[in-house]
1. Only one of T131, T109 is of a type in the set (S, T, N, Q) and outside any loop (DSSP other than H, G, I, E, B); which?
2. Would it be correct to say that D344 is more than 22 Å from D231 (Cα to Cα) and either at pLDDT below 90 or of a type in the set (K, R) (or both)?
3. Return the total of residues in the stretch 87-106 being out of contact with any Leu (no Cβ under 7 Å at 6 or more places or on another chain) and outside any helix (DSSP H, G or I).
4. Determine, yes or no, whether T13 is closer than 17 Å to I127 by Cβ, surrounded by fewer than 16 Cβ atoms within 10 Å (Cβ to Cβ) and at pLDDT 70 or above.
5. Checking the structure you have, find out if any residue of the stretch 198-210 is modelled with pLDDT of 50 or more, in contact with a Ser or Thr (Cβ under 6 Å, 6 or more places away or on another chain) and part of a helix (DSSP H, G or I).
6. Hey, could you check the stretch 121-176 for residues that are at pLDDT 90 or above and of a type in the set (S, T, Y) and say which is surrounded by the fewest Cβ atoms within 10 Å (Cβ to Cβ)?
7. Does E158 meet the test of being without any contact (Cβ under 8 Å) to a residue 40 or more places away in the chain and part of a strand (DSSP E or B)?
8. Any residue at all in the stretch 96-117 that is under 16 Å from the mean Cα position of the chain (by Cα), buried (at least 19 other Cβ atoms within 10 Å of the Cβ) and among the hydroxyl-bearing types (S, T, Y)?
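The values are calculated or read from the model by the stated rules, or taken from the named source; none is laboratory data. In this text, all values refer to a predicted model and were calculated from it rather than measured experimentally. Note that we place each Cβ from the backbone using ideal geometry, even for glycine, and neighbour counts take in every protein chain shown.
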Amino acid sequence: MTSETIPDPSGPTQNTDPAMAAVTTARETAEKVAEHGEPPPPRRAAIIFNPTKVDREVLQAAVTAAEEKGDYESSLWIETSAEDPGVAMAREAVEAGVGVVLAAGGDGTVRAVAEGLRGSGVALALIPSGTGNLLARNLGLVLDDVDTAVSTAFAGEERQIDLGVAALRREHGGEVEERVFLVLGGVGLDAQMLVNTDSELKKKAGWLAYVQAIGRSLKGGRRIRLGYRIDGSEPRKARVHTLMVGNVGMLTGDVVLLPDAEIDDGVLDLVALRPDGAVGWATVIFRVLVEHRIMRRKPDSTTLPLNKGGSMQLDALKYLRGERIEVRLNAPEPFELDGDEMGDVVAFTMSVEPQGLTVRVP
């Protein structure tokens, strides 16, 4: 059987032939080196990969070509596991003295690797291989193209982005559990959707599996009772269907949930969904799927006035922002971060470390 590429209607094709991947990556890396100069030292990389989502043979061929063109030493290869999606592996890479860590997997792998890199100054590079690839989308990276991703990792530029930190408290006390995030997290629709998603269907249908889960997760109006405080202000109470806190605003399918969110603005954006009945949900869906996208594309509307009150605010879709957001729930709720289930919590605090992570970009 001859090797072939699988066409992606939304972008470049994905090499399935290791030899072709090596040739393409070598060419792209050489072009980036010529354009940007020598990559920053130390010239050794680590590849942390999810073996269930990555074709190692193709990826290794691309990495080997990039090492040669970028004058790098042989890379360190570390597999993730079901017990640890990348935290300990990233720390191992830091201790080995690498200059960049390539995270090859889905959003969960990227989040875990970033957690392991926290405070190290070592750059993170993305090899998108998951269902959502939300950080890659918000950074404007090309998806489904190993050659471009690897050449960017070895010869791209470095950019500082904000790092989110979530402190989680469980129902029965104990120590507060701290996790980092890059995209968004919270309670309500997103977390319930993860709980309700059929894992086998997700393997077969990808993000389409979430459609079925969304239907089960939309039930109820303002059923979650909570208290919240932003940046040390007076505590307030609310009833919501969903509360999400994000470092970025765009979801899969170019859905803009948090139009004001910027990945390097030093603040987090909060949205509370509080629809009442079918009309309320219709208003929310129209605002998110239609109005946000239109206004986001306007040259003079890169920042929407959602956090300043006024006509853009809806009672069913409330926006706030701050550097530290504290939430206490009246009852345990499923919590999620960057597409990972984190179990039930009774309270959480989400804060931002401005420019706390270095990433490689084209």
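1. Of T131, T109, the one residue that is of a type in the set (S, T, N, Q) and outside any loop (DSSP other than H, G, I, E, B) is T109.
2. No; evaluated as a whole, the condition is false for this residue.
3. Summing the residues that are out of contact with any Leu (no Cβ under 7 Å at 6 or more places or on another chain) and outside any helix (DSSP H, G or I) in the stretch 87-106 gives 6.
4. no
5. Yes, the stretch 198-210 contains at least one residue that is modelled with pLDDT of 50 or more, in contact with a Ser or Thr (Cβ under 6 Å, 6 or more places away or on another chain) and part of a helix (DSSP H, G or I).
6. Ranking the candidates gives T148 first.
7. Judged against the criteria, E158 is not a match.
8. The answer is yes, given that some residue of the stretch 96-117 is under 16 Å from the mean Cα position of the chain (by Cα), buried (at least 19 other Cβ atoms within 10 Å of the Cβ) and among the hydroxyl-bearing types (S, T, Y).
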